[in-house]
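Novice: Submitted below is the structure of interest, expressed as structure tokens.
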Amino acid sequence: MTNATSPTDVRQTGGGSLRADVISGLLVFLIALPLCLAISLASGCPATAGVFTAIVGGLVAPWISNSALTIKGPAAGLIVIVLGCIVEFGGGPDASSDASMNAYRLMLGVAVAAGALQIGLALLRSGILSELFPLTVVHGMLAAIGVIIMSKQTHLMLGVKPLAKEPLELIAEIPRSMWNLNPEIALIGTSSLLVLFGWQMIKNPTIRRIPAQLIVVLLGIPLAYYFDLDHTHTYTFAGYSYEVGQQFLVNIPGSIAQAITTPDFSGLSTMTGWKWVMMFMMIGTLESLLSAKAVDLLDPLRRKSDLNKDLLAVGVGNTLCAFIGGIPMISEIVRSKANIDNGAKSRFANMFHAIFLLQFVALLPGLIHRIPLATLAAMLTFTGFRLAHPREFLHMYKVGPEQLIIFCSTLIGVLATDLLIGVAIGIAVKLAIHFWNGVSMRSLVSPGLEIDEPDEFTTRIRVRNAAVFSTWITLRKQILAIDTERTVILDLSPTTFVDHTVMEKLHELQEDFHHEGRYLLVIGLKEHLMLSSHPKSARKKPSSSATNSSIDTPSQSV
């Protein structure tokens, strides 16, 4: 459902609407600044790289996309990819400054190529591809990214440089870092983390409007002054000596012009370069489109993003920001939700947040230098925990035990290998479960649709094969192609299996139809067994009922 009315923009920026957008832009800026710094540093890039991304995302992308309230900028979900690219090009925390800068510039060249491919995908109207991936696999991938972020940032939050490199090894090394922590740095990091978790428990809506990220920065900077992190020195605690200094503070150039970095395209002559181009394009596109759809569900006015325009905006934004030193951007869900919660009315809120970022970095770089790295590490540790929250595991189990298996297989696969292989493992496990439930190879490529019009007001779509994630795009396209004046009846009675992804998507589509004054009725699930009590669980027809399907099965809404 990408066709939508234009977002309210210029016409809504008078009076109270303009004031609401300025206020929301300011509050989102307060959240975005420390997160942009944290994401940049965790990605192995200069601190300003993420700020450049958010500035371009706010000044350019809103006028290409029709997403009214979506904030575009760097995201924690891309840390693993950007850092992986830089490390493979010879950079990273253990490399020399020259090697790291060279790897950073090679990554920028990769990002430009990935942005150009995203533009191509958008022009080919490929935004629909976000509908192809199994939802459980996507959630498993994001949870794995959360675990990877926590495994790296926990050590930095404690003031310890880990010896391990791989996620599982980093997790195993956390007890060692806790034993060898730097007390002053750990105090800054753990107190920041406690504030972030404690802020979620505050019920007062006025206090909750104050960004928790701002509070931890206001806590971290005075502590950095108190511990004199501006000057390298040693101190003694419990009989042990520890060293602190500017290496525990954000390193930032004295002017924004000094921070601008141009890309090096020589990496595109290697297979390594194109491997990361595809990673940037695939994972970035998927995350961005899924986030844009999620923001649409939060929009009080229920405006719908054109996913092709949104992808075009991300592609253009990525190409431009990589030319000046910015890391890849996506449509970012956390800042977008904050934008909505703070009363934004139009895309001008995104623009104002970018203007505030630009002014702050240009005029007050010295204040950014005062932010402790442990504070930023605490923010990312908190972000990683939210991505891999125990609720995710419980939710998957409630949807169906088989969904938990797919979720955990993807998560473990990503941790043990990399993102692409981990996602492939998750999809392979999902396919194996489908085959176990009687899904045929033919059903994976064709839903077997039969369409008829029993009267002048109704169109009936009958699905003869299994309804699964790999054929959802075909089914969705057919549903949306029907005249808006007609009621759509989707008959699933002949299907032997309906997977969780299709059930979830049908719920979303029914809600879209409802808000547009249309009707989508789903019938034929009476004889199917639910694999759990969750309303969006997969449905399987017992073999004894497979030959007794009737087109007159009583109507049931999903």
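Novice: Name the residues in segment 307-321 that are of a type in the set (A, V, I, L, M, F, W, C) and either closer than 9 Å to Gly127 by Cβ or surrounded by fewer than 24 Cβ atoms within 10 Å (Cβ to Cβ) (or both), would you? Working first, answer last.
Specialist: As a first pass, look at segment 307-321 and keep what is of a type in the set (A, V, I, L, M, F, W, C): 307, 311-314, 316, 320-321.
Within segment 307-321, Leu307, Leu311, Leu312, Val316, Leu320 meet the criteria.
Novice: For a quick check of your reading: which helices (runs of 4 or more DSSP H) sit entirely within segment 350-399 and have at least 2 residues that are within 30 Å of Ala144 (Cα to Cα) and small (Gly, Ala, Ser)?
Specialist: Details: elements: 365-369, 373-387, 390-399.
Helices (runs of 4 or more DSSP H) meeting the threshold: 373-387.
Novice: Collect the residues in segment 121-158 that are in contact with a Pro (Cβ under 8 Å, 6 or more places away or on another chain) and more than 30 Å from Lys293 (Cβ to Cβ), keeping them in residue-number order.
Specialist: The one that is in contact with a Pro (Cβ under 8 Å, 6 or more places away or on another chain) and more than 30 Å from Lys293 (Cβ to Cβ): His155.
Novice: Is there a residue in segment 67-86 that is among the hydroxyl-bearing types (Ser, Thr, Tyr), at pLDDT 95 or above and closer than 29 Å to Ile355 by Cβ?
Specialist: Just the residues of segment 67-86 that are among the hydroxyl-bearing types (Ser, Thr, Tyr), to begin with: 67, 70.
When the remaining residues are screened for being at pLDDT 95 or above, the result is none.
So far as segment 67-86 goes, no, none of its residues is among the hydroxyl-bearing types (Ser, Thr, Tyr), at pLDDT 95 or above and closer than 29 Å to Ile355 by Cβ.
Novice: Kindly indicate whether any position in segment 280-288 is closer than 24 Å to His515 by Cβ, part of a helix (DSSP H, G or I) and touching a helix residue (DSSP H, G or I) at 6+ places or on another chain (Cβ under 8 Å).
Specialist: Yes, segment 280-288 contains at least one residue that is closer than 24 Å to His515 by Cβ, part of a helix (DSSP H, G or I) and touching a helix residue (DSSP H, G or I) at 6+ places or on another chain (Cβ under 8 Å).
Novice: While we're looking at this one, here's another question. Could you check segment 168-204 and list, in sequence order, the residues that are closer than 18 Å to Thr383 by Cβ and touching a residue at least 24 places away in the same chain (Cβ under 8 Å)?
Specialist: Ile171, Ile188, Gly189, Thr190, Ser191, Ser192, Leu193, Val195, Leu196, Phe197
Novice: Would you tally the residues in segment 400-424 being part of a helix (DSSP H, G or I) and of a type in the set (D, E, K, R)?
Specialist: Number satisfying all stated conditions: 1.
Okay, residues lined up against (1) crowded, with 22+ Cβ neighbours inside 10 Å; (2) assigned by TED's automatic domain parsing to the domain that holds Ala38; (3) part of a helix (DSSP H, G or I):
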position: Gly146; (1), (2), (3): yes, yes, yes
position: Gly159; (1), (2), (3): yes, yes, no
position: Arg176; (1), (2), (3): no, yes, yes
position: Val195; (1), (2), (3): no, yes, yes
position: Thr206; (1), (2), (3): no, yes, yes
position: Ile221; (1), (2), (3): no, yes, yes
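Novice: If you don't mind, there's one more thing I want to ask. Hand me the list of strands (runs of 3 or more DSSP E) wholly inside segment 437-523 holding 1 or more residues that are aromatic (Phe, Trp, Tyr) and modelled with pLDDT of 95 or more. Give the derivation first.
Specialist: Numbers: elements: 449-455, 458-463, 487-491, 520-523.
Here the list is empty.
Novice: Report whether or not Val498 is in the same structural domain as Glu402 (by TED's automatic domain parsing), surrounded by 21 or more Cβ atoms within 10 Å (Cβ to Cβ) and in contact (Cβ under 8 Å) with a residue 12 or more places away in the chain.
Specialist: Working: in the same structural domain as Glu402 (by TED's automatic domain parsing): no; surrounded by 21 or more Cβ atoms within 10 Å (Cβ to Cβ): yes; in contact (Cβ under 8 Å) with a residue 12 or more places away in the chain: yes.
The answer is no for Val498.
Novice: From the set of residues in segment 63-74 that are in contact with a Leu (Cβ under 9 Å, 6 or more places away or on another chain) and part of a loop (DSSP other than H, G, I, E, B), which is surrounded by the most Cβ atoms within 10 Å (Cβ to Cβ)?
Specialist: Kept after step one, since they are in contact with a Leu (Cβ under 9 Å, 6 or more places away or on another chain), are these residues of segment 63-74: 64-65, 68-69, 73-74.
Narrowing further to those that are part of a loop (DSSP other than H, G, I, E, B): 64-65, 68-69, 74.
Numbers: Ile64: 18, Ser65: 28, Ala68: 28, Leu69: 26, Pro74: 33.
Only one residue fits best here, namely Pro74.
Novice: Would you mind telling me which numbered condition in (1) closer than 30 Å to Ile71 by Cβ; (2) in contact with a Leu (Cβ under 9 Å, 6 or more places away or on another chain); (3) polar (S, T, N, Q) Asn437 fails?
Specialist: (1)
Novice: Hey, another quick one. When you go through Thr272, Thr232, Thr285, Thr261 one by one, which is the residue that is touching a Lys or Arg at 6+ places or on another chain (Cβ under 8 Å), assigned by TED's automatic domain parsing to the domain that holds Ala42 and surrounded by 12 or more Cβ atoms within 10 Å (Cβ to Cβ)?
Specialist: Thr261
Novice: Here's a follow-up. In the list Val87, Val60, which residue meets the criterion of being closer than 26 Å to Leu311 by Cβ and surrounded by fewer than 24 Cβ atoms within 10 Å (Cβ to Cβ)?
Specialist: Of Val87, Val60, the one residue that is closer than 26 Å to Leu311 by Cβ and surrounded by fewer than 24 Cβ atoms within 10 Å (Cβ to Cβ) is Val60.
The values are calculated or read from the model by the stated rules, or taken from the named source; none is laboratory data. Model, not experiment: these values are computed from the prediction. Don't worry about glycine lacking a Cβ; one is built from the backbone with ideal geometry, like all the others, and counts go over all protein chains shown.
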